[in-house]
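Engineer: The structure follows.
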Amino acid sequence: MGIKAVPRDQIPDRRLVLRGLHFALAFAVLIYLLFWQRYQPERAALWAGLVLIGTAMALGYRGERPGLRKIFSSLAITGHNVVEILLISAASGIVIGVLNITGLSFNLTYSLVQLGGGNVVILLALSALICIVLGMGLPTLGVYVLLAALVAPALVQVGIEPIAAHLYVLYFGMMSMITPPIALAAFAAASIARAPSMATGWAAMRFGWSAYVIPVLFVFSPTLLLIGAPLDIALALVTALVGVWLISAALAGFFARPMTAMRRVLFAVAGLLALLPAGMFEGAIYTDLAGVVGGAVLMALDVRAARQEARP
């Protein structure tokens, strides 16, 4: 698209950025307490918040340190921002309670399984559509709480791994943020960039295409969720990464140089072959191998051609 690099005088000085590196310590503490010490989320977040306040007051940034007045005002702002999440959670709880009392949640699960007719592919397509529609206009927490109660049980009922089912509904519920006609995130970006809203929504779908595919791969290839033998997990991760890379290049129309229509098709086909999970059907390992090898050849030829064109 001809986009140039940012001028050097507009790039922040490396030393200036490193002075604020201590702010990342709070996130490290949060992750450590959650996954290693097994703290409850609220307790881990409280300790991470205290670490953040401590490093801010002790080290500051660019010679400025917040005083007690600013710390208390930041707590008030935090409380104000959390109120929205609390109200959404409470409203979601009321909706789920009503659905359970009326039996609608069970009927929706039953209806999804019946409409799918035992066919996992049809059930996944229906579930994805429902997740995108129900997720429109809701934040992450509200989307997941609602879909985990309504849609995920239908997927688990047909034999899908529970963690894969829940990640499937979470992904597709959040895809409503970049899926027109709602696409709240894309429209917010369009207003900032002063760009056409719908055009931005379609561009967001093109850039975020992999997020529509990854949850499907979770279902058919639990190895991507680190379930299985280490060698199988490593193979699944590598082939998925190569597949995403190749298809992204095909959609962008550029790898080492601008692509012709035929090269874009070849990159896309190689990427799709590499993306197919090894456990999806008998012999799928060979399609993975063909996609990776074919993609490597295409990339090598593209780089070679670009170098030849660059020579005087």
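Engineer: Being open to solvent by 80 Å² or more (accessible area, probe 1.4 Å) and in a loop (DSSP other than H, G, I, E, B) is the filter here; which residues of segment 29-47 pass it?
Structural biologist: Correct list: W36, Q37, R38, Q40.
Engineer: Could you look through segment 123-168, keep only residues that are without any contact (Cβ under 8 Å) to a residue 60 or more places away in the chain and part of a loop (DSSP other than H, G, I, E, B), and pick out the one that is surrounded by the fewest Cβ atoms within 10 Å (Cβ to Cβ)?
Structural biologist: So the residue we want is G159.
Engineer: While we're looking at this one, here's another question. I'm trying to understand the selection: among the residues of segment 251-268, which are touching a residue at least 24 places away in the same chain (Cβ under 8 Å) and closer than 25 Å to S221 by Cβ?
Structural biologist: L251, L266, F267
Engineer: Among all residue pairs at least 6 apart or on different chains, which show Cβ distances below 7 Å where the first residue, located in segment 178-190, is closer than 12 Å to G135 by Cα and of a type outside the set (F, W, Y) and the second is in a loop (DSSP other than H, G, I, E, B) and modelled with pLDDT of 80 or more?
Structural biologist: From segment 178-190, the pairs are I178/G208.
Engineer: Also: Among the candidates I192, I178, which residue alone is of a type outside the set (S, T, Y), open to solvent by 30 Å² or more (accessible area, probe 1.4 Å) and closer than 25 Å to A250 by Cα?
Structural biologist: The unique qualifying residue is I178.
Engineer: Considering segment 42-101 alone, what residues qualify as being under 30 Å from A152 (Cβ atoms) and at pLDDT 85 or above?
Structural biologist: E42, R43, A44, A45, L46, A48
Engineer: Considering only segment 1-54, how many residues are more than 30 Å from A203 (Cβ to Cβ) and β-branched (V, I, T)?
Structural biologist: 4
Engineer: Still on this model: I'm told I227 meets every condition in (1) surrounded by fewer than 16 Cβ atoms within 10 Å (Cβ to Cβ); (2) assigned to a helix (DSSP H, G or I) except one. Can you identify the failing condition by its number?
Structural biologist: (2)
Engineer: Sticking with this structure for a sec: Every residue in segment 8-28 that is outside any helix (DSSP H, G or I) and either in contact (Cβ under 8 Å) with a residue 40 or more places away in the chain or exposed (fewer than 10 other Cβ atoms within 10 Å of the Cβ) (or both), please.
Structural biologist: Listed by number, the residues that qualify are P12, D13, R19, G20.
Engineer: Could I ask something else about it? Restricting to segment 171-206, name every residue that is assigned to a helix (DSSP H, G or I) and not hydrophobic (A, V, I, L, M, F, W, C).
Structural biologist: Once the filter is applied, which keeps residues that are assigned to a helix (DSSP H, G or I) and not hydrophobic (A, V, I, L, M, F, W, C), segment 171-206 yields Y171, G173, S176, S191, S197, T200, G201, R206.
The values are calculated or read from the model by the stated rules, or taken from the named source; none is laboratory data. Quick caveat, the model's predicted, so the values are computed rather than measured. Cβ atoms come from the backbone with ideal geometry, glycine included; neighbour counts cover every protein chain shown. Heads up: the accessible areas ignore ligands, DNA and RNA and are worked out on the full protein's heavy atoms, side chains in. Shrake-Rupley method; radii C 1.70, N 1.55, O 1.52, S 1.80 Å.
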